[in-house]
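Structure record follows, encoded as structure tokens.
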Number of protein chains: 2
Amino acid sequence: MGVPGDMNLELLDYIKDVDGLRWIGNANELNAAYAADGYSRIKGCPGVLVTTFGVGELSALNGIAGAYTEQVKVIHVVGTTSTTAQKNRLMIHHCLGPSPDHKVRVTPNHHVRAAHCWLDNPETAASEIDVGIPTHRTLTPANHHLHQRVFRECYVHSLPVYIFVPSDFVHVPVSGSISPLANLALISDHENETAAIAATISTIYAAKSPVVIVDALVSRHLAIDVTRELVDFLGFPTFSTSMGKSIIDETRPYFHGIYNGQVSVPDVCKVIEQDSDLVIDLGPLLSDSNTGGHTRKIAESKLITVLPNHVSIGNKTYQEVGLASFLSALLRSIDKSRLPRPSAPLIRELPPPRDVDAEHVTQSWVWKRLGLFVRPGDVLIAESGTAQFGLPDAQLPEGITYITQVYYGSIGYTVPACLGAALARQDLDQSGRIILVVGDGSLQLTVQEVGTMIKLGLHNIIIMVINNDGYTIERAIHGPEEAYNDIATWNHMGMLDFFGARDGQANSRAVRTKKEFDEIVSLTEYTNPKTIQVLEVFMEKMDLPWRLESQIAIINERIAQTSKARG
Amino acid sequence: MGVPGDMNLELLDYIKDVDGLRWIGNANELNAAYAADGYSRIKGCPGVLVTTFGVGELSALNGIAGAYTEQVKVIHVVGTTSTTAQKNRLMIHHCLGPSPDHKVRVTPNHHVRAAHCWLDNPETAASEIDVGIPTHRTLTPANHHLHQRVFRECYVHSLPVYIFVPSDFVHVPVSGSISPLANLALISDHENETAAIAATISTIYAAKSPVVIVDALVSRHLAIDVTRELVDFLGFPTFSTSMGKSIIDETRPYFHGIYNGQVSVPDVCKVIEQDSDLVIDLGPLLSDSNTGGHTRKIAESKLITVLPNHVSIGNKTYQEVGLASFLSALLRSIDKSRLPRPSAPLIRELPPPRDVDAEHVTQSWVWKRLGLFVRPGDVLIAESGTAQFGLPDAQLPEGITYITQVYYGSIGYTVPACLGAALARQDLDQSGRIILVVGDGSLQLTVQEVGTMIKLGLHNIIIMVINNDGYTIERAIHGPEEAYNDIATWNHMGMLDFFGARDGQANSRAVRTKKEFDEIVSLTEYTNPKTIQVLEVFMEKMDLPWRLESQIAIINERIAQTSKARG
């Protein structure tokens, strides 16, 4: 992905020479970064973007920061000025200020990346990127830090990395051959892992009412398959978080819903926090938005926490233990006959919403309805806002990938991420629809990437635009009627047409009632789209998903208490 | 300008309470930063944007970096997490990574701003912003650094500044009253300024063939009026640079064209570099793109260089001399009767272009034609690309403001800058058209801001979209037929309609020939627009302005020489 610029043009020439590599030109660099992030979330490997230094690099920065925060593998290749221009601090366009340090942006980036390299030495360039260690040496926790160059860092930490290529080094041949790394996952310390496995197993055998929580870092650290196998094997009551949604098949009998602290169905909280005597927490990412505003209340003494590079059991921590490695070893080591067999918990549904009988599309109705619309093989993408708080109510069958940015929460992320996801599915030769649910406000930040989808002829994308007349989530938080929560009123029915789609008008539809919604999503254009579709779904300005209402109530309560405490 | 977010909502409530202040909601934060930059370039005072921390702050960063590089006054107000959340390093949404330092982004920004402050102490908050010095004290170079808080820093350096407002301090009353600063310009050191004036005057009196170059920093440091007065008074042959264009009335007899090093009409180079014995260089910003790729050849011994905070005469520098202050003092001190009276230089026009007789719109024709279209009072905005290299050929009468980003050169800048410029003209109660010339590629980066123009009912904007089927400037540099220089093909005639304009179709027109162009721009919709207009101007993919051809030839020649030298 990326945008061409005079500092990267000659570099781009090499892309078409690499088998299986293709260039996707984006409308801007922020979008390219978001698209690379979406690509990585589907394919597991890093998404790559190439920009020019300065303008392109900084435009993409928020997208890279999002990948860093959400732990997504992205490689940002930056074509820079020549080393001579750098040395002489020439005032080249895209530099910063007078007597510019051309490398100054390396500093801004260091909080949003795991590693970076400058390809300004042909002797080291190859190993800087992907020659981690000579093949005759064994990689161990003791030596692997010596050889963690950018590809490895990207994989091991599941974080973005940067590769800077000065314009005068683009055509310089590198020495040595590139030996692909044998294993990009974190290598566990054998002794620690063995001890962690033993402790975990004895803890599990001793438990009477264990539960499992599946969270985001399982997918980031490439442990989805082993996690599915493990929860199947254990059969314990299992929950996902908002960020971990879709890792586990939600139609399985042992799946009992989304756990998000106090912002959960009350019985979900009760089962996990009170009734269980063991909580196996797989890959947690405990941001406010993934924990009901930090309202999880699980006693440390009953927690087994499996993180990317360590495992904690109660207050004991086993360092240098890789997540995927640990889960595989656990599966191999555990004896099914000695597992506890907890009874299925009682999770009562919430009472029916007040607006259950409304004819117009409501927040209380649409998300469950979308759960019925999606099929195995689909990708479902939820923008920050009502979609992100609503879609946890959709029951997702096996084989759906759900993408949303719960921790970083950068509005506009999903439109380019949808492009990236669609491209990844194309590269994997997998069918299925890419269903984007985006609010009218969020859409405005990154809308131009719809043009890229059309240019590339991506046919299996359905864009649902929630039109609730502005930033509803902000209205819910503060200033429901304030002008700052209003947006420009766009004619969404003209979007495909403007961005160059043939039959754009015909493939753009709007609905206001549940009946209309049901009819439209039953059309073959929706069950089996042959071209990009836009569905504008009108909803009431102040209609909110219950989880959003609940989250805001918690925050307001906290603010009120703080004010009171201060007197 | 800006975008609301939960960390700034309560702060935004106060905007409507301030007389003469209004909130402009942008489609995204990068656009808000560009718009604030455009606003400042018209109004002289800082443009202000308000974003949420993290996502909003980083999205805007490239726009702030542009303002820093081009020395434009912008204030970025960031609504942040509460000081408690900061202290506890809570994982609040929009933060970076685990155990996040909420203030970490302060570091990324420090290369793009003159100053910043955190409003987390009611005792100091007022003085942190704009109480520079108690009124009973005299501001001198010796003490003013003690009191340079953010407003002053913004003005004195003409650079962006940041104000961070933690959410728990939004409603806290501040102590003391805010006494407006008497003088925000740099205070000259009296002795140095007097010495510089004396040396300048004697140098001028002794010259036989002096010339003046007017450059960008004159406008940034609020010295446009005094500069106009000075060049009128001197009557010496006067030139602008690409970045200094429109400061001087180009119809005056003493104006002789644009000087951009070797990328100039040959006689312009000759007069300045060879024939003159004194070059008075006002406010130079010597980036590659403003100097024909660093090809200016003016002997230091014949240069008087007037910079924002010092003056150099030959190899002697007078520090702490403010630009506007110096020029005013010079005007007051100089004796007209003792001025040299150089004869008008001979500047021969370039030979007619090969395609002079073409019927279709050509690069060799359209820019001069635009010079005839603009009128005093108009704002003319040129996007990086062919427009920026072409418009130096347009002769601009008095009272035009020309906006372009020559040094930073971030494509997409102009669409939001156009919004900002239009708002500034509205706030100044000045009429005149806002004419934006943007390429089809650049338009794609920031197009959504057209929606904001429509939402606000800005009626006097004319958007000319140069449709030459992709990134022509990149094609000219490298890879003319490569796919990476292609873009998505948009239907520009559907743009206004999509973004919600009434009569969008009627106000969207396309031209291919000079005749059509002449006819359209003669319509009253163009001479006196009552609603936003779009004119798509088709041009050939590889048609280039001569200055761009010349610039690229210089760069290629240099690269060839470097390669040769290296063997």
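The values are calculated or read from the model by the stated rules, or taken from the named source; none is laboratory data. These numbers come from a predicted model, not from an experiment. Glycine gets a Cβ as well: all are built from the backbone with ideal geometry, and neighbour counts include every protein chain shown. The accessibility values were calculated without ligands, DNA or RNA, using every heavy atom of the protein model including side chains. Shrake-Rupley method; radii C 1.70, N 1.55, O 1.52, S 1.80 Å.
Among the residues of region A:380-391, those identified as open to solvent by less than 10 Å² (accessible area, probe 1.4 Å) and over 12 Å from the mean Cα position of the chain (by Cα) are A:Gly385, A:Ala387, A:Gly390, A:Leu391.
Considering every residue within region A:304-318, establish whether at least one is hydrophobic (A, V, I, L, M, F, W, C), farther than 26 Å from A:Ala185 by Cβ and assigned to a loop (DSSP other than H, G, I, E, B). There is no residue in region A:304-318 that is hydrophobic (A, V, I, L, M, F, W, C), farther than 26 Å from A:Ala185 by Cβ and assigned to a loop (DSSP other than H, G, I, E, B). Considering region A:1-20 alone, what residues qualify as being outside any helix (DSSP H, G or I), facing chain B (nearest Cβ under 8 Å) and among the charged types (D, E, K, R)? Hits for region A:1-20 are A:Asp6, A:Asp13.
In this structure, does B:Leu278 turn out to be of a type in the set (A, V, I, L, M, F, W, C) and more than 21 Å from the chain's Cα centre (by Cα)?
Numbers: of a type in the set (A, V, I, L, M, F, W, C): yes; more than 21 Å from the chain's Cα centre (by Cα): yes.
Judged against the criteria, B:Leu278 is a match.
Does B:Leu496 qualify as being within 24 Å of the chain's Cα centre (by Cα) and either modelled with pLDDT under 95 or within 14 Å of chain A (Cβ to nearest Cβ) (or both)? No.
Provide a single number: the residues in region B:26-82 that are away from chain A (no Cβ under 13 Å) and of a type in the set (Asp, Glu). Residues in region B:26-82 being away from chain A (no Cβ under 13 Å) and of a type in the set (Asp, Glu): 1 in total. Tell me, yes or no, whether region A:164-174 has at least one residue that is open to solvent by 20 Å² or more (accessible area, probe 1.4 Å), within 19 Å of A:Pro342 (Cα to Cα) and either modelled with pLDDT under 95 or in the same structural domain as A:Glu320 (by TED's automatic domain parsing) (or both). Within region A:164-174 (the criterion being open to solvent by 20 Å² or more (accessible area, probe 1.4 Å), within 19 Å of A:Pro342 (Cα to Cα) and either modelled with pLDDT under 95 or in the same structural domain as A:Glu320 (by TED's automatic domain parsing) (or both)), the answer is no, since none of the residues qualifies.
Is one or more of the residues making up region A:407-418 in contact with a Leu (Cβ under 9 Å, 6 or more places away or on another chain), among the small types (Gly, Ala, Ser), crowded, with 24+ Cβ neighbours inside 10 Å and not in a loop (DSSP other than H, G, I, E, B)? Spell out the reasoning first.
Step one: of region A:407-418, the residues in contact with a Leu (Cβ under 9 Å, 6 or more places away or on another chain) are A:407-408, A:410-418.
After this cut, where a residue has to be among the small types (Gly, Ala, Ser) as well, the list is A:410, A:412, A:417.
Among the residues that remain, those that are also crowded, with 24+ Cβ neighbours inside 10 Å are: A:410, A:412, A:417.
If we keep only those that are not in a loop (DSSP other than H, G, I, E, B) as well, we get A:417.
Scanning region A:407-418 turns up at least one residue that is in contact with a Leu (Cβ under 9 Å, 6 or more places away or on another chain), among the small types (Gly, Ala, Ser), crowded, with 24+ Cβ neighbours inside 10 Å and not in a loop (DSSP other than H, G, I, E, B).
If the condition is being more than 21 Å from B:Ala344 (Cβ to Cβ) and over 22 Å from the mean Cα position of the chain (by Cα), then region B:230-266 contributes only B:Gln262.
In region A:86-104 there is no residue that is small (Gly, Ala, Ser) and outside any loop (DSSP other than H, G, I, E, B).
Considering only region B:438-457, I want to know if a residue exists there that is more than 22 Å from A:Phe499 (Cβ to Cβ), within 12 Å of chain A (Cβ to nearest Cβ), outside any strand (DSSP E or B) and touching a residue at least 12 places away in the same chain (Cβ under 8 Å). Before the answer, list the steps.
Within region B:438-457, the subset more than 22 Å from A:Phe499 (Cβ to Cβ) is B:456-457.
When the remaining residues are screened for being within 12 Å of chain A (Cβ to nearest Cβ), the result is B:456-457.
Checking which are outside any strand (DSSP E or B) leaves us with B:456-457.
Next, from what is left, pick out any that are touching a residue at least 12 places away in the same chain (Cβ under 8 Å): B:456.
Checked region B:438-457: at least one residue is more than 22 Å from A:Phe499 (Cβ to Cβ), within 12 Å of chain A (Cβ to nearest Cβ), outside any strand (DSSP E or B) and touching a residue at least 12 places away in the same chain (Cβ under 8 Å).
Check whether at least one residue in region A:536-544 is in contact with a His (Cβ under 7 Å, 6 or more places away or on another chain), modelled with pLDDT of 95 or more and under 21 Å from A:Cys418 (Cα atoms), and report yes or no. Yes - at least one qualifying residue is present in region A:536-544. Taken over region B:405-451, the criterion of being of a type outside the set (Ser, Thr, Tyr), farther than 25 Å from A:Thr452 by Cβ and under 17 Å from the mean Cα position of the chain (by Cα) is satisfied by B:Val406, B:Gly420, B:Ala421, B:Ala422, B:Leu423, B:Ala424, B:Arg425, B:Ile434, B:Ile435. Just to be sure before I move on: is B:Ile477 within 13 Å of another protein chain (Cβ to nearest Cβ), modelled with pLDDT of 95 or more and open to solvent by 10 Å² or more (accessible area, probe 1.4 Å) in the structure I sent? Taking the combined requirement at face value, the residue does not satisfy it. Taking (1) surrounded by 21 or more Cβ atoms within 10 Å (Cβ to Cβ); (2) within 13 Å of chain B (Cβ to nearest Cβ) in turn, A:His310 satisfies each apart from (1).
Which of the following residues is crowded, with 24+ Cβ neighbours inside 10 Å and out of contact with any Lys or Arg (no Cβ under 6 Å at 6 or more places or on another chain): A:Gly63, A:Gly44?
Values: A:Gly44 fails: crowded, with 24+ Cβ neighbours inside 10 Å.
Within the list A:Gly63, A:Gly44, the selection yields A:Gly63.
When you look at B:Arg113, is it open to solvent by 10 Å² or more (accessible area, probe 1.4 Å) and closer than 28 Å to B:Leu380 by Cα, yes or no? So B:Arg113 passes the test.
When each of B:Gln533, B:Gln444 is tested for being at pLDDT 95 or above, closer than 27 Å to A:Asn31 by Cα and crowded, with 23+ Cβ neighbours inside 10 Å, the lone residue that passes is B:Gln444.
If you check B:Ala67, B:Ala32 for being under 24 Å from B:Ile224 (Cβ atoms) and either of a type outside the set (Val, Ile, Thr) or in the same structural domain as B:Trp118 (by TED's automatic domain parsing) (or both), only one passes: B:Ala67.
Counting only residues that are crowded, with 23+ Cβ neighbours inside 10 Å and among the small types (Gly, Ala, Ser), region B:447-474 holds 2 of them.
Can you tell me which residue is surrounded by the most Cβ atoms within 10 Å (Cβ to Cβ) among those in region B:83-102 that are touching a residue at least 60 places away in the same chain (Cβ under 8 Å) and more than 10 Å from chain A (Cβ to nearest Cβ)? Selected residue: B:Gln86.
Just the residues that are of a type in the set (Val, Ile, Thr) and open to solvent by 40 Å² or more (accessible area, probe 1.4 Å), please, taken from region B:3-29. Result: B:Val18, single match.
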